[in-house]
Amino acid sequence: MNIDIEKIKEIAKKSGEKVLEYYYKDYNISYKDSGGKKSPLTEADLASNKIIMEELEKYNFPILSEETEDDLSRLQSEYVWIVDPLDGTSDFMEKTGEFSILIGLVKNGEPVLGVVFEPAKNTFYWAEKGKGAFMEKNGKIKKINVSNEDNFQDMTILLSRNHLLESDKKLCENLKIGKQTKRGSTSKMCVIARGDAEIYVNTSDKTGEWDTCAPQVVLTEAGGKIVDMRGKELMYNKKNPKNLNGFVVSNGENYARIVEELKRVIKS
């Protein structure tokens, strides 16, 4: 495989610019069924998806996208693109600025390349397996790494801005996590990758591979760790592309302790 990640960044930039055109004007909203509940779908989602699909098809790898009908022939492919053309649609609609374009590539089920672009913040995160993780904001590029904090009392956990789950509350109390920061739905892994937080837990079985693939590469190349709630590695290009066992993200320190405590919290 020889893919120029700068080309993938250009695709994310192009789709992000299209998304911003809708962000600053009125647009139509429809609703799709997502795991038994209705999720918003905007014109921006579809326009971004169209750009990404057209550009990535040039590489002749199957594409798994949140907004495109799944083609299960991808299960036979060594390489598969996994993308979310607009991660954080609700935040996009609320105009919080916390939404992103996610483009990831997996090889035999393992994420090997990831690009995350936050259009409203003009911020990129990207990584390739074995090459480190990087952040670019307003044209300034820097290599990023997770924090080395290993004391729970000095750690920051990222929580949903819209609702605090009881399991999150108990986890914070039981581990005596020092600081809680609320954010929108997107790019929490990148916040940990750049060293500004240490823990993020998602107990939902509703997230998809497209939500985690690209940011996972950034996180792990920055030194972080992501496992499911059983402590196992996340698998990609599955027949059912949902993360059915949630996930636990950390700066790599004490992640096993977090997983064990989370198991106790959920059982109680």
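Brief remarks follow.
- Yes/no for Lys131 being surrounded by fewer than 24 Cβ atoms within 10 Å (Cβ to Cβ), over 20 Å from Lys14 (Cα atoms) and touching a residue at least 24 places away in the same chain (Cβ under 8 Å): yes
Residues checked against (1) polar (S, T, N, Q); (2) assigned by TED's automatic domain parsing to the domain that holds Ser15; (3) closer than 18 Å to Glu21 by Cβ; (4) surrounded by 21 or more Cβ atoms within 10 Å (Cβ to Cβ):
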residue: Tyr59; (1), (2), (3), (4): no, yes, no, no
residue: Glu69; (1), (2), (3), (4): no, yes, no, no
residue: Arg74; (1), (2), (3), (4): no, yes, no, no
residue: Phe92; (1), (2), (3), (4): no, yes, yes, yes
residue: Lys95; (1), (2), (3), (4): no, yes, yes, no
residue: Glu98; (1), (2), (3), (4): no, yes, no, yes
residue: Glu110; (1), (2), (3), (4): no, yes, no, no
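Listed here are the residues, each with its yes/no results for (1) acidic (Asp, Glu); (2) not in a strand (DSSP E or B).
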position	(1), (2)
Asn49	no, yes
Thr68	no, yes
Leu75	no, yes
Gly97	no, yes
Val115	no, no
Glu136	yes, no
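Listed here are the residues, each with its yes/no results for (1) surrounded by 22 or more Cβ atoms within 10 Å (Cβ to Cβ); (2) out of contact with any strand residue (DSSP E or B) (no Cβ under 6 Å at 6 or more places or on another chain); (3) touching a residue at least 40 places away in the same chain (Cβ under 8 Å).
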| residue | (1), (2), (3) |
| --- | --- |
| Thr186 | yes, no, yes |
| Met189 | yes, no, yes |
| Ala197 | yes, no, yes |
| Lys206 | no, yes, yes |
| Cys213 | yes, no, yes |
| Val217 | yes, no, yes |
| Gly223 | no, yes, yes |
| Val227 | no, no, no |
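- Scanning region 61-84 for residues that are over 16 Å from Pro111 (Cβ atoms), out of contact with any helix residue (DSSP H, G or I) (no Cβ under 7 Å at 6 or more places or on another chain) and not aliphatic (A, V, I, L, M) yields a total of 5.
- One residue from Thr96, Thr89, Thr123, Thr156 being of a type in the set (Ser, Thr, Tyr) and under 14 Å from the mean Cα position of the chain (by Cα): Thr89
- For region 2-45, a residue qualifies if it is in a helix (DSSP H, G or I), touching a Phe, Trp or Tyr at 6+ places or on another chain (Cβ under 7 Å) and modelled with pLDDT under 95, and the qualifying residues are Tyr23, Glu43, Ala44.
- Among the residues of region 162-178, those that are more than 14 Å from Asn202 (Cβ to Cβ) and free of Cβ contacts under 8 Å to residues at least 60 places away in the same chain comprise Glu166, Lys169, Cys172, Glu173, Lys176, Ile177, Gly178.
- Residue check, Ser48 in contact with a Ser or Thr (Cβ under 8 Å, 6 or more places away or on another chain) and either modelled with pLDDT of 95 or more or assigned by TED's automatic domain parsing to the domain that holds Leu244 (or both): yes
- For region 131-143, the criterion of being of a type in the set (Lys, Arg), assigned by TED's automatic domain parsing to the domain that holds Pro85 and more than 21 Å from Glu118 (Cα to Cα) is satisfied by at least one residue.
The values are calculated or read from the model by the stated rules, or taken from the named source; none is laboratory data. Keep in mind the model is a prediction, meaning the values are calculated, not measured. Here the Cβ is made from the backbone with ideal geometry for all residues, glycine too, and neighbour counts use every protein chain on show.
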